[in-house]
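In what follows, a structure is listed as structure tokens, so that the remarks can point back to it.
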């Protein structure tokens, strides 16, 4: 069986964090800025939140590209959300609700 490379695990964790928690934090920032009563073109909080959103989305695109490159170079299956396993892995749903991943032999 093969271990998932640490680089893929770390990039996956960063990607998953940004598409979930990171995006949620930006939504909260934008909503709060919109509620302060200023016109949006003059609302510096809103403009800063939108700039932060653009930086976040750029980083998500970068990470997605890195993960795709790793998928192509290592043969590990790298879905864009969730867990990442090598091609040929078997995912088994256990009766107790847990999941067992059987990695292919090298």
Screening 68, 81 for residues that are modelled with pLDDT under 85 and part of a loop (DSSP other than H, G, I, E, B) leaves only 81
Result of the Cβ filter at 7 Å on region 4-17, keeping first residues that are at pLDDT below 85 and partners that are surrounded by fewer than 17 Cβ atoms within 10 Å (Cβ to Cβ), at least 6 apart or interchain, is 5/74
Of the residues in region 46-73, those that are touching a strand residue (DSSP E or B) at 6+ places or on another chain (Cβ under 8 Å) and in contact (Cβ under 8 Å) with a residue 40 or more places away in the chain number 1
Q) Yes or no: residue 52 modelled with pLDDT of 90 or more and under 24 Å from residue 11 (Cβ atoms)? A) yes
When region 18-40 is checked residue by residue, the ones that are modelled with pLDDT under 80 and assigned to a loop (DSSP other than H, G, I, E, B) are 37, 38
| Flag if residue 7 is assigned to a helix (DSSP H, G or I) and either touching a helix residue (DSSP H, G or I) at 6+ places or on another chain (Cβ under 6 Å) or farther than 14 Å from residue 59 by Cβ (or both) | yes
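The values are calculated or read from the model by the stated rules, or taken from the named source; none is laboratory data. Predicted model only: the values in this text are computed from it and were never measured. Because the Cβ atoms are built from the backbone with ideal geometry, glycine has one as well, and the counts that use them run over all protein chains shown.
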